[in-house]
Amino acid sequence: MNTGLIIFLSLLGGLVLWAILLYNQLVALKNNTAKAWSNIDVLLKQRNAELPKLVAVCKEHMQYEQATLQKVMEARNRVASAMQSGDMGALGAAEGALRIGLGNLFAVAEAYPELKASDSFRHLRERITGLEDSIADRREFYNDSAAINNTRIEQFPDVVIAKAFSFKPFRLMSFSAEETSDVDVAAHFTA
Amino acid sequence: MWTWLRTLLPELGGTGNPPLGDRGGLDWLQVMDNQRIAVLRRGGLMNLAAAPSFVLLWGIACLGLFYYALKPWLLLLATCSLLFSLGLFRRYRLIADTPTSTLSSGAQGYVELQGKAALPDGVGFRGLPHLPVTVWLPGYVEDEPFVLDDGKGRCLLYPRGAEIIACPGDSHYSWLNAIYPGQTLYALGELHTLRSVGDSDEQRERLAALLAEWKSNPLQLRRCFDVDGNGQIDPDEWQQVLVAAQRWVTDDLREQQRAPGTHVMDGAKAGQLFLITNIPPEKLAGRYRQMAFVHLLYWLSCLLAMLII
């Protein structure tokens, strides 16, 4: 066989193998990011299942804090609907509101010694706090996975494969503005 | 002593002469030789291709074939270089593109973990006598699980089927490739968490055990469930007992399932890499990237050489 033809075929083979490798890597990245999201999804569902129990326990003792409890339930429902629709922006905002609502609820609960002493409340509080910590860790992991995926599909030469096979970027799960904004400590003292 | 060591060193069993020296010490040369083969075996072909000495020999072989104008062999080496380059590049990308997970979050799936190596609970010593304690020693203790502790949780690594690259520790023997307790460990693979399943069989068994326990205390049973106060548990009241026991068991199982499980890494899905190493990931990824580039150059050089011949 002609040497030139052999070299041409070898170069072509190398190029094809390289393209296959890049494609497989992008598929693996996509699947890993999707898996990272499902890791969060599981915990969000578990936490959302616990919240009505917490609110029910609180209702027994906190007759004058209906607004706080209602805010928590509203935020929970917003999280649930954002999860269903897969709207990452709405989910981030709803998660932020829920965290603030829960923070308020736990702060207000300090004024109710009976509630604080309740085994159910203590147990649910620990459980929800634990789930929140795990959600935060997993969100970080998801964001890392999504950022790597998004960078790869925009880099050359991966962008060629990504465009050809319609690989889409993943949206990062970010905190809402109110959660990341600086806390005005002075305002708390002057109020 | 030799009998015990013989069970530990099956590779040395057929030599006829015990590797232990007359003075009761280990035959160090035998240990080193035995370990060298195991290191190559567990590291795999791609890690051999990433070794600087191998790359140098490979280059010399390419030059020799060019000098003697052996075209078919040059083509063979070129093809191998291409495959090495792609394999090493894939490894580099896997390390660079997999985010680090913490064991406290327990994110399931293909992840990388970083932490300290440790022996599993209840294991005091592992390795060879006259050597420091090791968690993994190629050629001797290769398939026993060990622990990776990232400070927030512990994960049990099952090294069977893993590609393991161990370099000698700074504070230990400079020639001994092993993983020691306390060394920083990097693992890449499929993480999953084992929890109590609580299937219907277990539920049934627990229910039966609970009812037997309650029946053994009839006074307490009547106090709780004898609603009409006739001194015995009627069929209707017995239904209430069953419902209460069922609820009790279900709650108990639910609590059990919520309890932290055991993190395990014992493989990777098809096409992915299950890697355990005590080399820092940045250094390893850098080595893979450089050697992938060198093999790519070899491939192109061999093709160019074929054109010149």
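The values are calculated or read from the model by the stated rules, or taken from the named source; none is laboratory data. Note that this is a predicted model, so its numbers are computed, not measured. In this analysis, Cβ positions are derived from the backbone assuming ideal geometry, glycine residues included, and neighbour counts consider all displayed protein chains. With ligands, DNA and RNA removed, areas are computed over all heavy atoms of the protein, side chains included. Shrake-Rupley method; radii C 1.70, N 1.55, O 1.52, S 1.80 Å.
Pick from the range B:135-161 the residues that are part of a loop (DSSP other than H, G, I, E, B) and open to solvent by less than 10 Å² (accessible area, probe 1.4 Å): which of them is nearest to B:ASN278 (Cα to Cα)? The selected residue is B:VAL135.
Determine whether A:ILE40 is in contact (Cβ under 8 Å) with a residue 40 or more places away in the chain, within 11 Å of chain B (Cβ to nearest Cβ) and of a type in the set (Val, Ile, Thr). For A:ILE40, the condition - in contact (Cβ under 8 Å) with a residue 40 or more places away in the chain, within 11 Å of chain B (Cβ to nearest Cβ) and of a type in the set (Val, Ile, Thr) - is met. Report whether or not B:GLY139 is on the phi > 0 side of the Ramachandran plot, without any contact (Cβ under 8 Å) to a residue 60 or more places away in the chain and of a type outside the set (Phe, Trp, Tyr). When the stated conditions are applied, B:GLY139 does not pass them.
Residues in the range B:97-116 that are under 19 Å from B:PRO281 (Cα atoms), at pLDDT below 90 and among the aliphatic types (A, V, I, L, M): 2 in all. The single condition among (1) part of a loop (DSSP other than H, G, I, E, B); (2) acidic (Asp, Glu); (3) within 13 Å of the chain's Cα centre (by Cα) that B:ASP121 does not meet is (3).
Being touching a residue at least 60 places away in the same chain (Cβ under 8 Å), surrounded by fewer than 18 Cβ atoms within 10 Å (Cβ to Cβ) and basic (Lys, Arg) is the requirement here; does A:LYS53 meet it? Let's see the steps before the verdict.
Working: touching a residue at least 60 places away in the same chain (Cβ under 8 Å): yes; surrounded by fewer than 18 Cβ atoms within 10 Å (Cβ to Cβ): yes; basic (Lys, Arg): yes.
Yes: the conditions hold for A:LYS53.
Consider B:LEU219 carefully, then state whether it is in contact with a Ser or Thr (Cβ under 6 Å, 6 or more places away or on another chain) and either more than 26 Å from B:TRP28 (Cα to Cα) or open to solvent by less than 60 Å² (accessible area, probe 1.4 Å) (or both). In short, no.
Restrict the check to the range B:288-295 and report whether at least one residue is in the same structural domain as B:PHE84 (by TED's automatic domain parsing) and closer than 30 Å to B:ASP149 by Cβ.
So the first thing to find is which residues in the range B:288-295 are in the same structural domain as B:PHE84 (by TED's automatic domain parsing), and the list is B:288-295.
Remaining after also requiring closer than 30 Å to B:ASP149 by Cβ: B:288-289.
Yes, the range B:288-295 has at least one match.
Residue pairs whose Cβ atoms lie under 8 Å apart, sitting 6 or more positions apart in sequence or on different chains, and linking a residue in the range A:110-121 that is under 12 Å from A:VAL57 (Cβ atoms) to a partner that is of a type in the set (Asp, Glu) and part of a loop (DSSP other than H, G, I, E, B), are A:LYS116/A:GLU110.
Annotation: B:GLU282 fulfils all but one of (1) open to solvent by 80 Å² or more (accessible area, probe 1.4 Å); (2) at pLDDT below 85; (3) away from chain A (no Cβ under 13 Å); the unmet one is (2).
Here the condition is being within 30 Å of B:VAL111 (Cβ to Cβ), assigned to a helix (DSSP H, G or I) and either at pLDDT below 85 or within 14 Å of chain A (Cβ to nearest Cβ) (or both); of B:GLU190, B:GLU202, it holds for B:GLU202 alone.
I'm trying to understand the selection: among the residues of the range B:99-119, which are more than 8 Å from chain A (Cβ to nearest Cβ) and open to solvent by less than 40 Å² (accessible area, probe 1.4 Å)?
Kept after step one, since they are more than 8 Å from chain A (Cβ to nearest Cβ), are these residues of the range B:99-119: B:103, B:112-119.
If the condition is that a residue be more than 8 Å from chain A (Cβ to nearest Cβ) and open to solvent by less than 40 Å² (accessible area, probe 1.4 Å), then B:LEU103, B:GLU112, B:LEU113, B:GLY115, B:ALA117, B:ALA118, B:LEU119 are the ones that fit.
Out of all the residues in the range A:121-167, which are polar (S, T, N, Q) and within 12 Å of chain B (Cβ to nearest Cβ)? Before the answer, list the steps.
So in the range A:121-167, the residues polar (S, T, N, Q) come out as A:129, A:134, A:143, A:145, A:149-151, A:155, A:166.
Those that are polar (S, T, N, Q) and within 12 Å of chain B (Cβ to nearest Cβ): A:SER134, A:ASN143, A:SER145, A:ASN149, A:ASN150, A:THR151, A:GLN155.
Can you name every residue in the range B:79-98 that is under 16 Å from B:LEU188 (Cα atoms), assigned to a helix (DSSP H, G or I), within 10 Å of chain A (Cβ to nearest Cβ) and among the β-branched types (Val, Ile, Thr)? Those that are under 16 Å from B:LEU188 (Cα atoms), assigned to a helix (DSSP H, G or I), within 10 Å of chain A (Cβ to nearest Cβ) and among the β-branched types (Val, Ile, Thr): none in the range B:79-98.
Determine whether B:PHE66 is in the same structural domain as B:GLY286 (by TED's automatic domain parsing), at pLDDT below 85, in a helix (DSSP H, G or I) and closer than 29 Å to B:LEU307 by Cα. Judged against the criteria, B:PHE66 is a match. A search for C-beta distances below 6 Å between a residue of the range B:92-105 that is within 12 Å of A:ASP144 (Cα to Cα) and any residue that is part of a loop (DSSP other than H, G, I, E, B), counting only pairs 6+ apart in sequence or on different chains, returns B:SER101/B:ALA107. The test for being of a type outside the set (Gly, Ala, Ser) and out of contact with any Pro (no Cβ under 8 Å at 6 or more places or on another chain) does not hold for B:LEU119.
Is there a residue in the range A:13-22 that is open to solvent by less than 20 Å² (accessible area, probe 1.4 Å), within 14 Å of chain B (Cβ to nearest Cβ) and among the aliphatic types (A, V, I, L, M)? Working first, answer last.
The initial filter retains those residues of the range A:13-22 that are open to solvent by less than 20 Å² (accessible area, probe 1.4 Å), namely A:14, A:22.
Then keep just the ones that are within 14 Å of chain B (Cβ to nearest Cβ); that gives A:14, A:22.
Next, from what is left, pick out any that are among the aliphatic types (A, V, I, L, M): A:22.
Yes: one or more hits.
Taking first residues from the range A:125-144 that are open to solvent by 40 Å² or more (accessible area, probe 1.4 Å) and partners that are in a helix (DSSP H, G or I), the Cβ contacts under 6 Å between residues at least 6 apart in sequence or on separate chains come to A:ARG127/A:GLU50.
Examine the range B:109-117 for a residue that is over 18 Å from B:HIS263 (Cα atoms) and of a type in the set (Val, Ile, Thr), and state whether such a residue exists.
Of the residues in the range B:109-117, the ones over 18 Å from B:HIS263 (Cα atoms) are none.
Within the range B:109-117, not a single residue is over 18 Å from B:HIS263 (Cα atoms) and of a type in the set (Val, Ile, Thr).
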